[in-house]
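**Student:** Here you go, one structure.
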Amino acid sequence: MGITNILLLVLGYVLLLFSTKLVNGGGISIMRKGPTSDAQERIFSWFALSLMPFLSIAISGGVLGLGNMVFTAALTAGVLQLLLIYGMLGITGTYRLAGNALRDLVLLLVCVVLLIVCTNYTWSKGHPASTISRGMGLFLCVLAVAFTVWMLPYFMGKNRKLQRRPDTDFVPAIVFTLVGLALAGLGGVLFMNNTAALTHALNIEQGVLGVAVIGVGLVLPEYVRVARKYWMNTQKPVSMHLTLATGNLGLLLMIGLSAVISPIIVTFAGAYLLLACVVAIIVFGILFYVGGEVGKIKAILFLAGFALVFVLLMKFSLH
């Protein structure tokens, strides 16, 4: 049973990643039936390649009633990704970070504190466990929309001139897009459902594998994107802006959308990670601004921080 679940889990993850390529290629081809700008195509690619996996996991988790797993995965992909991405990048070589991250780090910290306030409020009202209701989920979705509108000028860049692109076949583009959306749904369900089955087989809390499997799985494509840009030109400082923006938006969308579908009951794993994320943001910010460069020492500290969070989560979550 465990081997079958692992194989289906891997299949779901592969389908989820493959679906983003189909939707991105098909969607841009559909857009090119008329004049488009580089800005419009950049925004669509960001949605298809970066945000669509978050949405698929959120919807699948809400439908399957795996809200706590979505919650811990969102915290990992939104916050703890900083330790993973920039830790793994520092192991491969020394790099400089662009100095534009303070505002985004503060905004990320505000989002986490907001979640702490939300969960503590329901607990103080006599609920047996902290709960993120449908109403609170809707509020988080509204915040995500507001954040997107605020970030649009950055994502659009300067080249907003409309121009004709090479003509594309319209019908295959629609087919690719629809197949990609279907595979995103199927991949999300397989990924979530079989991860949950493994938690039962291993007798651990769902939130633990929400971090180790779902969260880390969502982080890996972003790491590849950052690392590829770094390897292509190591002289430029590594910008964290897009990573933090995607993390902020993904955090709000995943938790908000999942809670709208089915209220999330936050168990120990989620409550523990909320506090760990506050510490992680503060420590990362301090290390980020001390010394200017990230080498192996800072990288090891980042990765050790993530490992410590996960080890403690395992220690206190074993049934």
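Values quoted throughout were computed directly from the atomic coordinates according to the rules given, and no laboratory measurement underlies them. Treat the numbers as computed from the prediction; the structure is a model and nothing was measured. Virtual Cβ from ideal backbone geometry, glycine too; neighbours counted across all protein chains shown.
**Student:** On full extension of the chain, what length is gained from Val290 through Leu107, given 0.36 nm per residue of separation minus the C-alpha to C-alpha distance?
**Tutor:** 63.9 nm is the gain from fully extending Val290 to Leu107.
**Student:** So, one more: Quote the FRET efficiency, to the nearest 0.05, computed for Tyr154 versus Val175 with a Förster distance R0 of 41 Å and r equal to the Cβ-Cβ distance.
**Tutor:** 0.80
**Student:** Please list, by residue number, everything in the stretch 60-78 whose backbone N is under 20 Å from a paramagnetic label point 7 Å out along Cα→Cβ of Phe316.
**Tutor:** 68-78
**Student:** I need Cys141, Cys277 ordered by Cβ neighbour count within 10 Å, fewest first.
**Tutor:** Cys141, Cys277
**Student:** Please identify the helices of the chain, taking whole runs of DSSP H, that span at least 20 Å along their own axis as judged from the Cα atoms and have a mean Kyte-Doolittle score of 0.0 or higher.
**Tutor:** 2-31, 102-124, 134-156, 170-202, 216-232, 241-261, 268-289, 296-317
**Student:** Skipping prolines and chain starts, which residues have an amide H placed within reach, meaning under 5 Å, of the one on Val238, given they are 5 or more residues away or on another chain?
**Tutor:** It is Arg96, Leu97, Ala98, by chain and number.
**Student:** Towards the positive end of the charge dipole of the chain, with charges on Cβ (+1 Lys, Arg; -1 Asp, Glu), say which of Asn24, Gly87, Cys141 has the farthest Cα.
**Tutor:** Asn24
**Student:** Would you order Trp46, Trp150 from fewest to most other beta-carbon atoms within 10 Å of each residue's own beta-carbon?
**Tutor:** Lowest count first: Trp150, Trp46.
**Student:** Taking the alpha-carbon centroid of each part, what is the distance from the stretch 131-155 to the stretch 6-57 in angstrom?
**Tutor:** Centre-to-centre distance over Cα atoms comes out at 20 Å.
**Student:** Right, another one. Kindly state, to the nearest 0.05, the FRET efficiency for Leu11 paired with Arg225, given R0 = 25 Å and r defined as their beta-carbon distance.
**Tutor:** After rounding, the FRET efficiency stands at 0.60.
**Student:** Quickly estimate the mean residue ellipticity at 222 nm for the chain, helices only: each DSSP H run with n ≥ 4 gives -39500 (n - 2.57), and the total goes over all residues, rounded to 500.
**Tutor:** -25500 deg cm²/dmol
**Student:** Under the rule of at least 5 residues apart or a separate chain, name every residue whose amide H is placed under 5 Å from the amide H of Thr131.
**Tutor:** Thr122, Trp123, Val266
**Student:** Right, another one. Could you size up the charge dipole of the chain around its Cα centre, putting +1 on the beta carbon of Lys and Arg and -1 on that of Asp and Glu, and report it in debye to the nearest 20?
**Tutor:** Magnitude of the dipole: close to 760 debye.
**Student:** Here's a follow-up. Out of (1) 1.08; (2) 0.97; (3) 0.99, which label holds the value of Rg/Rh (Cα atoms, Kirkwood Rh) that was computed here?
**Tutor:** Working out Rg/Rh (Cα atoms, Kirkwood Rh) from the coordinates points to (2).
**Student:** Taking amide H positions as placed 1.01 Å from N in the peptide plane, with prolines and chain starts having none, which residues 5 or more places from Ser37, or on another chain, fall under 5 Å of its amide H?
**Tutor:** Under 5 Å from the amide H of Ser37: Gln163.
**Student:** May I pose another question? What's the exposure ranking of Asp104, Asp169, Asp38, going from fewest to most Cβ atoms within 10 Å?
**Tutor:** Asp169, Asp38, Asp104
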